[in-house]
1. Around Phe241, with a cut-off of 14 angstrom between Cβ atoms, what is the net charge of the other residues, counting Lys and Arg +1 and Asp and Glu -1?
2. Among Cys220, Cys160, what is the fewest-to-most ranking by other Cβ atoms within 10 Å?
3. Local charge sum around Leu194 (other residues, Cβ-Cβ under 15 Å, Lys/Arg +1, Asp/Glu -1)?
Amino acid sequence: MSEFVLERKKSRLFRELNTIITVMAREITIFFKSPGMAVMSLAFPIIMMGMIGGNLMQNMASGLGFEFGQFMLVGMLVNMLFMVTTMGLTSLVDDHHIDFNQEMLVSPVSRYSLIIGKILGAGFAAIVSMAGTLIVGLVMGITLPLSKLLLILVLSPLICLSGGALAMIIIGLIKDRRTANLAVMLITMPQMFLSGVIIPINNSSGVLLILNRLMPMTYCLDLVRAVVYAGSPEYSSVVMFNPVINFIAIVGLTAICLSVGTFFFAQSEKNR
């Protein structure tokens, strides 16, 4: 009897993993058929790093106690992971209108496997889009060691899951593509400025302090900077929290957002 139960659990695990991989592969295919995403992945870093970041480097970077260019590059890499992942999830709105979501939800698999596959598929596009940020950084004379870039890649699935889980709350409530795109931008852009992507937030207080502590990107960014600056004299000037605290905060916020967002998503499809 125990062997039968064990086999059933193994079979279900393989089915859920197959679901995640299948949905992820579909999203990756859609990405390669969307040249607009590649254009955005280069245009956005040019605007944010080349114009805003470049201006800050020339006028406000002195006296910070660390190299502002590297600080900004790490922030933009994490921001691109968040932004492209969340934007990729808006395709769920299109899937809603062609009844693809309905077909997925009636299949004998966990709704969480479907959503995680969707997020990881969008996350792959986000990782590819990081190349645009690295190119802009290279033009500006800002680089990272290959070992640090590899460590960021290792953390990227966790960061994408965090951003995608937050976006799911919006997607679960909104079924219009334009509104969904606007709402996603509204939850991404404030995080960009309040979580320390370009501007340090070590001395934030009041409402700004409360807001940046509630934002998942704050902890993702701080964890990545802890990895990049580990062992350097700038570590204490750049990193705010212990990496363990960052990891716990990311996992906790991701679990909460994923649970709430998946619930809203499933309910919206059920009530059609």
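1. Taking every other residue near Phe241 into account, the sum is +1.
2. Cys160, Cys220
3. 0
Bear in mind that the values in this text are calculations on the coordinates, not laboratory data. Predicted model, so just to flag it, every value in this text is computed and none were measured. Every residue, glycine among them, receives a Cβ derived from its backbone with ideal geometry; neighbour counts consider all protein chains shown.
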